[in-house]
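In what follows, a structure is listed as structure tokens, so that the remarks can point back to it.
The values are calculated or read from the model by the stated rules, or taken from the named source; none is laboratory data. Since this is a predicted model, take the numbers as computed values, not measurements. A quick note on method: Cβ atoms are made from the backbone with ideal geometry, for glycine too, and the neighbour counts reach across all protein chains shown. These accessible areas exclude ligands, DNA and RNA; they are computed on the full protein's heavy atoms, side chains included. Shrake-Rupley method; radii C 1.70, N 1.55, O 1.52, S 1.80 Å.
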Amino acid sequence: MPALRGATDFEAIERTFAQMVQDRAEAEPEEVAFCHWDGARAIPTTWAQYASAVREVALGLAALGVAPGDRVAIMAPGRTEWVVTALGILSAGAIPVGVYPTSSAAEVRQALGHSEAVAIVAGNDADVAKIAAVAPELPALRAVISFEGAPSGLPATLVSKTWADLRETGRAHDAANPALFDELLDGGDIDQPAALFYTSGSTGAPKGVTHTHRTLQYSVLGAATLYPESITTRHDVIGFLGLSHVSPALSGIYVPIMTRTVVTFCRMDQRSEALLGVRPKGAVWPPRLHEKLLSEVLTALRESPAPFREAYEDAMEVAREVAAVRRRGDAVPAELRARYDQALEQVFLPLRAKVGVDRIKVAWTASGAMTPEVHALWQMWGLDLRELYGTTETGGSVLAQWDRSFPAPGTVGKAMPDSRFAIKSSSEGELLVKGPLLFRDYWNNPEATAEVMDGEWYRTGDLVEIDASGEVKLIGRAKDIIVTSGGKTISPQPIELRLKAGPLVDEAVVVGDGRKYLTVLIWPTEKGGRLDREALQEGLRAWIEELNTELARPLQLKDFRIAPRALSADAGELTLKGTIRRAAVLTSFSALVDEMYNAAEHNEFAHQARLQG
């Protein structure tokens, strides 16, 4: 049976995740633990098969000399082998370290060097090549294992194996040492590290966030609060995001061990077919994925027969009425509710079924700002889209819109219902959180740990407004604050979010630190990119002028420039998670920035001269 029996009054149990996998295998060996998408259907793996594979990996690592407390890295896209390997590492008493598969060789060197990983499991030849390029600079590294094919090009001092060979080695080691696995398993303790997650590095060098089995158990509790039915009933989800990130790792590795969540893993390019094949019951995705899926639904709508499109227009009239009632906080009248239920059954659910999300009643978004239009449209279609908030350091969500259905956009909810999860804001407006799910420390970085901890409170770096009911609204990042030359303190994120609500703006970076006024760098959408230069300029100018009418004078944008190229992780402008590094962007495009200010000042002179003339 799953270890988590309820979402209230939970206390961490004295079992590591490695021990819990073996417990599940013993209690329900033929139940499905997870699946993988083979291009046509979901292929299940039972708990017995899962536990057996974990045992082989653990003993294979032990045979290579991996000892309790060692760090073993994994660099590959999310897949079932990733999960088995992570639990094999934990079963050996070692600590799994996620490395982003999009990492450059330098970033691989930083992660492996900082964690002093003794082994790494790579996804493919390209990953192995990155490791080979930096291996001579990694004295702790002793072994490289590859999921696909024999590793090559490595220094002769390193042991290299395929993942299949590692498991074969584990079986042989098990036969020679039949008591070893249980000894390793019994040596586990819930206050030992269960994972190292590296931060994106948006505010400096990436830091290794240490989570223990105990803290991750409470992170699972937070996840179960989002989907309480997953504690007792099979809860299907799709896994296609990288497991080096804390949120996908939590939902793809740790949550299923303690609940009845069943993840079907697929490649990103298989997402659409896997959604249609599995028809999941839940989703916790970043805003961009909700936006992409929304576009796919609208494409399917345009390709539908004319009678269905006409029915959709009629259904949307009803949905807009319902949305207006909800925004006012009123109950939906019975007659309107009946009309909406009919629209849901005849139009919106069949429409959502075209992309495989018709079984999802509640979906969640985090890791970025959701545009109000996307939020509103999903809700009109009957999908209860809500927001939550968490960081790598919190492991799971510490804020969520858990207490009501179809919430209005604009907040990330309130503290979780467990009284041990608490929040407050500092005198500067920074969000502080505490709870049993907080990370233990930054690996080998006590100074950075001390910088973000205020006693038992974690300083998130996010600026917030908290209303009387406890609802939290994010207004910016403490380190992203712009202070103009006139001393005005401005958070750029709300302005950027409003800009991106327009059809021509894909990304925007507001500029103005140390300057007299604000300007903005813009990256156009695909739609904008299809316009000629003059039409795009005019469209953007009109949109900014319209937006300026809604902004206080110090927040208004005086000028803009269209960036000549996309933002680049290689140039240091994006983190591996896709988060913008603001300082790097301003450095890369400094000539454009300077031009805006000189040009804007010249325009002001011209404007004054015209007035005088």
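Here are a few things to note about the model shown:
- Net lengthening on full extension, R553/E273 (0.36 nm per residue, minus Cα-Cα): 95.9 nm
- Residue pairs, from the table K292/K434; K207/K434; K361/K527; K281/K414; K414/K479; K207/K281, whose Cα atoms sit over 27 Å apart: K292/K434; K361/K527; K207/K281
- Between A583 and A67, the simple label model (points 7 Å from Cα in the Cβ direction) yields a spacing of 3.9 nm.
- By average C-beta atoms within 10 angstrom, highest first, the peptides 71-79, 557-565: 71-79, 557-565
- Cβ-based net charge around R337, under 13 Å, with every Lys or Arg adding one and every Asp or Glu removing one: -3
- With all pairs of separate Cα atoms included, region 191-332 yields a Kirkwood hydrodynamic radius of 18.2 Å.
- Across the accessible surface of the chain, with the other protein chains kept in place and a 1.4 Å probe, carbon and sulfur atoms take up 52 percent.
- Lys/Arg +1, Asp/Glu -1 at C-beta; region 265-309 dipole; positive extreme among V284, A306, F265: V284
- Residue-count net charge about I89 - beta-carbon cut-off 11 Å; Lys, Arg +1, Asp, Glu -1: 0
- Bridging of K516 to aspartates and glutamates at a Cα separation below 15 Å is possible for D559, D594, E595, E601, E604, once same-chain residues fewer than 8 apart are set aside.
- Principal axis extents of the C-alpha atoms in region 440-558 (largest first, rounded to whole Å): 55, 34, 31.
- Using C-alpha pairs under 8 Å with a sequence gap of at least 6, the mean separation divided by the residue count of the chain gives a relative contact order of 11 percent.
- Charged-residue dipole, Cβ positions (Lys, Arg, Asp, Glu), the chain about Cα centre, Debye nearest 20: 740
- Charge tally in the Cβ shell below 11 Å around V355, where Lys, Arg are +1 and Asp, Glu are -1, V355 excluded: +2
- Two-site FRET efficiency, L349 against S469, from Cβ-Cβ distance with R₀ of 22 Å, rounded to 0.05: 0.10
- Rounded FRET efficiency, nearest 0.05, which uses the C-beta distance separating A338 from E447 and R0 of 56 Å: 0.35
- Kirkwood radius for region 481-550, taken over all pairs of different Cα atoms as the inverse mean of 1/r, rounds to 12.7 Å.
- Taking every DSSP helix (H) stretch of at least 4 residues in the chain, weighting each as -39,500 (n - 2.57) and dividing the sum by the residue count yields a mean residue ellipticity at 222 nm of -12000 deg cm²/dmol.
- Relative to the Cα centre, the charge distribution of region 220-351, modelled as +1 at Lys and Arg Cβ and -1 at Asp and Glu Cβ, gives a dipole magnitude of about 480 debye.
- Packing, as the average of other Cβ atoms within 10 Å across residues, places the peptides 497-503, 591-597 in the order 497-503, 591-597, highest first.
- Solvent-accessible area per residue, Å², over the chain with all protein chains present [probe radius 1.4 Å]: 43
- Per-peptide packing, taken as the mean over residues of other Cβ atoms within 10 Å, places 140-153, 312-325 in the sequence 140-153, 312-325 from highest down.
- Compactness of region 340-489 was expressed as the Cα radius of gyration divided by 2.2 N^0.38 Å, which yields 1.25.
- Only Cα pairs under 8 Å and 6+ residues apart enter the sum, and on that basis the relative contact order of region 315-456 stands at 15 percent.
- Net length gained if the chain between N177 and A205 were fully extended (0.36 nm per residue, minus Cα distance): 5.9 nm
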